[in-house]
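Here the structure is laid out as structure tokens; the discussion comes afterwards.
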Number of protein chains: 2
Amino acid sequence: MHPVITVFAASPDEGRGLARDMPVRWAMEEVGQRYEVMPVTFVEMKAEAHLARQPFGQIPVFEEGELVLFESGAIVLHIAEAGSGLLPDDASGRARVVAWMFAAVGSIEPVVVQRESAIYLEGDEPWHEERLAIVEDRIADRLGELARALGEADWLVGDFSAADILMVQILRRLEDSSLIELHANLSAYVERGKARPAFQRAFAAQKAFFERRYD
Amino acid sequence: MHPVITVFAASPDEGRGLARDMPVRWAMEEVGQRYEVMPVTFVEMKAEAHLARQPFGQIPVFEEGELVLFESGAIVLHIAEAGSGLLPDDASGRARVVAWMFAAVGSIEPVVVQRESAIYLEGDEPWHEERLAIVEDRIADRLGELARALGEADWLVGDFSAADILMVQILRRLEDSSLIELHANLSAYVERGKARPAFQRAFAAQKAFFERRYD
């Protein structure tokens, strides 16, 4: 039995690999772990059976035997600890990677989500454009800080790690804006992530899954 | 040499223990680890020396010998792994605690931060009240989901854990609203956290530190 990842039955990103199953798929490909996917519809996501596994009615859920996990950051960390190649060998390096994983989820993703909310949920408000400008200023500040921290390095902490999976995926959600392009090193960082064979296999898998639903 | 935690020289919460050094102090008290504090001013926080340790110019930073960590979630996890009593012994329980730590930082805190931004940064905007109502609706949804997941349990995952430190601290940042009170089990959960001797020692320490600055 392979682990099972719960994914959108019909992803709102239409196969662009921006949903949160993507970092989990990518991590699985990096460590060479096969997996199955279980689709849920939007109705199923808010039903009792799913809420018992994912308290916020979202995807992904990761199931492996008795273990049921939610939160893509925690799932990627679990995969990284069980496999090899996604965490440094030394405790300090590992703690630094975990710090950047929390930074991706807690310091970068929230402003990206605010932008998505401003666009998709508040698009009809008369104050939409003003609010979007405030949010994009906050993102620009954070990206400036991130660009500075990355500097000339290829990856956030030494070699490629679980932190890069989370961070690259979050930055990809800004690809419809010009916010990333302002920082050549961040653009190159995202492209470096996307060039990894494991990313490409994960991307192709979610895309094929999305397209199959509409054959 | 004890580990050093970087804290606000003059915390904007005025000693209410809502800043992000508080979960770190609390975790240290739970595992019985002494620590030193190093204050930084708002000017110092944005200076080169601090940015090299905390890429977003925030607090806390945790330093222990050569190890320099940022992100309170990662620091609390590091303390939990080095000490005892904050993580279950079994790998599955531990992974569940990590999932709830990411949930606290990635699924609950962002809406709490949005409310703080709406109040403190957007308070003069003509659309302030409308925006605040939207944000409070989002918080209410999340708290409903959290209350449901907690149910009748005392803590998020079995015994008290590192996840409860993060979650209780985040919920405390809503104490100026009536959002928590709507859920008797969440109110009781926060009070249960605050009743722990380790919480009280940490709270007293940050309060004494704040007050000393103004003697």
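The values are calculated or read from the model by the stated rules, or taken from the named source; none is laboratory data. On a predicted model such as this, the values are computed, not experimentally measured, just so you know. Neighbour counts are summed over all protein chains in view; Cβ atoms, including those assigned to glycine, are modelled from backbone coordinates with ideal geometry. Note: areas computed on protein heavy atoms with side chains; ligands, DNA, RNA excluded. Shrake-Rupley method; radii C 1.70, N 1.55, O 1.52, S 1.80 Å.
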Practice problem: Using a 1.4 angstrom probe on heavy atoms only, work out the carbon and sulfur share of the accessible area of region B:109-215 in %. | Solution: 50
Quiz item: Mind listing which GluC sites (Glu not before Pro) in region A:131-189 are in a DSSP loop and have 10 or fewer other Cβ atoms within 10 Å?
Solution: A:152
Quiz item: Dipole of chain B (Lys/Arg Cβ +1, Asp/Glu Cβ -1, origin at the Cα centre): which of B:189, B:52, B:205 lies farthest to the positive side?
Solution: B:205
Quiz prompt | Ellipsoid equivalent to chain A - semi-axes via the Cα gyration tensor, in Å | solution = 26, 24, 16
Practice problem: For the protein assembly as shown, give the magnitude of the charge dipole about the Cα centre (Cβ charges: +1 Lys/Arg, -1 Asp/Glu; no others), in debye to the nearest 20. | Solution: 660
Practice problem: First check a/c for region B:29-133, with a ≥ b ≥ c the square roots of the eigenvalues of its C-alpha gyration tensor; if it is under 1.5, answer rounded, and if not, answer prolate when a/b is larger than b/c or oblate otherwise. | Solution: oblate
Exercise. Quick one: among B:11, B:92, B:107, which has the greatest mean-square fluctuation in a GNM of chain B with alpha-carbon springs under 10 angstrom?
Key: B:92
Self-check item: Accessible area of the protein assembly as shown divided out per residue, in Å², using a probe of 1.4 angstrom
Solution: 43
Practice problem: Report, in whole Å, the centroid distance computed from the Cα atoms of region B:116-180 and region B:185-213. | Solution: 18
Quiz item: Among B:39, B:55, B:88, whose mean-square fluctuation peaks in a Gaussian network model of chain B (Cα, cutoff 10 Å)?
Solution: B:55
Quiz prompt | For region B:1-88: rounded, prolate or oblate by the Cα gyration tensor [a/c cutoff 1.5] | solution = prolate
Quiz item: Under 19 Å Cα-Cα from residue B:207, which lysines qualify once same-chain neighbours fewer than 8 residues away are excluded?
Solution: B:194
Practice problem: For B:66, A:36, write out the residues from largest to smallest accessible area, computed with a 1.4 angstrom probe and no ligands counted. | Solution: B:66, A:36
Self-check item: Kirkwood Rh and Cα Rg combined as Rg over Rh, evaluated for region A:37-96
Solution: 1.10
Practice problem: Only bridges with both residues in chain B count here: give the DSSP antiparallel percent, nearest 5. | Solution: 55
Quiz item: Are there chymotrypsin sites (Phe, Trp or Tyr not before Pro) in region A:112-215 that DSSP marks as loop and that have at most 10 other Cβ atoms within 10 Å, and which are they?
Solution: A:214
Quiz prompt | Per-pair calculated FRET efficiency, R0 = 25 Å: residue B:141 and residue A:133 via Cβ, rounded to 0.05 | solution = 0.45
Exercise. Using a/c under 1.5 as the rounded threshold, could you call the protein assembly as shown rounded, prolate or oblate? The axes a ≥ b ≥ c are square roots of the C-alpha gyration tensor eigenvalues, and prolate needs a/b larger than b/c, oblate otherwise.
Key: rounded
Quiz item: Between copies, how close do the residue B:158 label points come, placed 7 Å along Cα→Cβ, listed in nm from shortest?
Solution: 3.0
Quiz prompt | Rounded FRET efficiency, nearest 0.05, which uses the C-beta distance separating residue B:1 from residue A:4 and R0 of 45 Å | solution = 0.45
Quiz item: Considering protein heavy atoms only and a 1.4 Å probe radius, which residues within region A:120-139 exhibit an accessible-area decrease of no less than 50 Å² in the full assembly relative to the chain by itself?
Solution: A:127, A:131, A:138
Quiz item: Given the Cα-Cα distance of residue B:182 and residue B:159 and 0.36 nm per residue of separation, how much length would full extension add, in nm?
Solution: 5.8 nm
